[in-house]
Structures are given as structure tokens and as C-alpha cells.
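Engineer: Could you have a look at this structure, given as C-alpha cells, before my questions?
The values are calculated or read from the model by the stated rules, or taken from the named source; none is laboratory data. Note that this is a predicted model, so its numbers are computed, not measured. FYI the Cβ positions are ideal-geometry reconstructions off the backbone, even for glycines, and counts take in every protein chain you see.
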Amino acid sequence: MLTAYAALAESPSLESAGTIHHEWINRIVALLELEPEPLPASTQHVVAGAYTGAIDAMLGQWVRTGGEGSVLAETEAVLSRLRPAWPGSGS
């Protein structure tokens, strides 16, 4: 994994492919840091990755079905399933 990530970092074309993903993870981590009792940094990144991965998978499935249904409703359904992973969610 270290070699794969190092190769991504050394190649501008490959690295830019993951830039948007990393930006979203960083945005979610920033939100997690605002929690009254923040999770450890490593856990924040795992939670952020779960959110971005779930949304990405949902969007892929939505596209495969021809965009059936509301992407907003699908996103809300995914986020509600992940809510227990968010600190302070009460679950």
C-alpha cells in the first residue's frame, strides 16, 4: 500500500485523480473535529472514508439504474445508515 500511495503522489496525472476524494475526506474530517468530543484523528479519517465511499458506491449504483429515483433521497438514505458512525449520534 505504501508503494501504491507513493506512486500516486509522484505522478501528477494519477495524483490528481484522487484529489477530489481527498478534498472531501478533509472536509468531513474538519466537521468531525468540531464535535464536542472529537474522535482520534485516525478514526476521523476512517469515518470520513466510510461516508465518501458509501456515497460514491450509491452514486455508481444510481447511474447503473439509469438515474432512477431521487439522488437526494438515495444520499439521505445512505447517510442515515451511516449516522451511528458519527460521534454524538446517540447510537
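Engineer: Need the failing condition index for Pro38 against (1) surrounded by 13 or more Cβ atoms within 10 Å (Cβ to Cβ); (2) free of Cβ contacts under 8 Å to residues at least 24 places away in the same chain, just the number.
Structural biologist: That leaves (2) as the condition not met.
Engineer: Being within 18 Å of Pro84 (Cβ to Cβ) and in a helix (DSSP H, G or I) is the filter here; which residues of segment 30-43 pass it?
Structural biologist: Those that are within 18 Å of Pro84 (Cβ to Cβ) and in a helix (DSSP H, G or I): Leu31, Leu32, Thr43.
Engineer: Looking at (1) over 12 Å from the mean Cα position of the chain (by Cα); (2) among the small types (Gly, Ala, Ser); (3) modelled with pLDDT of 80 or more, find the lone condition where Gly53 falls short.
Structural biologist: Tallying (1) over 12 Å from the mean Cα position of the chain (by Cα); (2) among the small types (Gly, Ala, Ser); (3) modelled with pLDDT of 80 or more, Gly53 fails exactly one: (1).
Engineer: While we're on this one: Select from segment 60-75 the residues that are assigned to a helix (DSSP H, G or I) and either loosely packed, with under 15 Cβ neighbours inside 10 Å or touching a residue at least 60 places away in the same chain (Cβ under 8 Å) (or both) and list them in ascending order. Steps first, answer last, please.
Structural biologist: Restricting attention to segment 60-75, the residues satisfying the condition of being assigned to a helix (DSSP H, G or I) are 60-64, 71-75.
Answer for segment 60-75, where residues must be assigned to a helix (DSSP H, G or I) and either loosely packed, with under 15 Cβ neighbours inside 10 Å or touching a residue at least 60 places away in the same chain (Cβ under 8 Å) (or both): Gly60, Gln61, Val63, Arg64, Val71, Leu72, Ala73.
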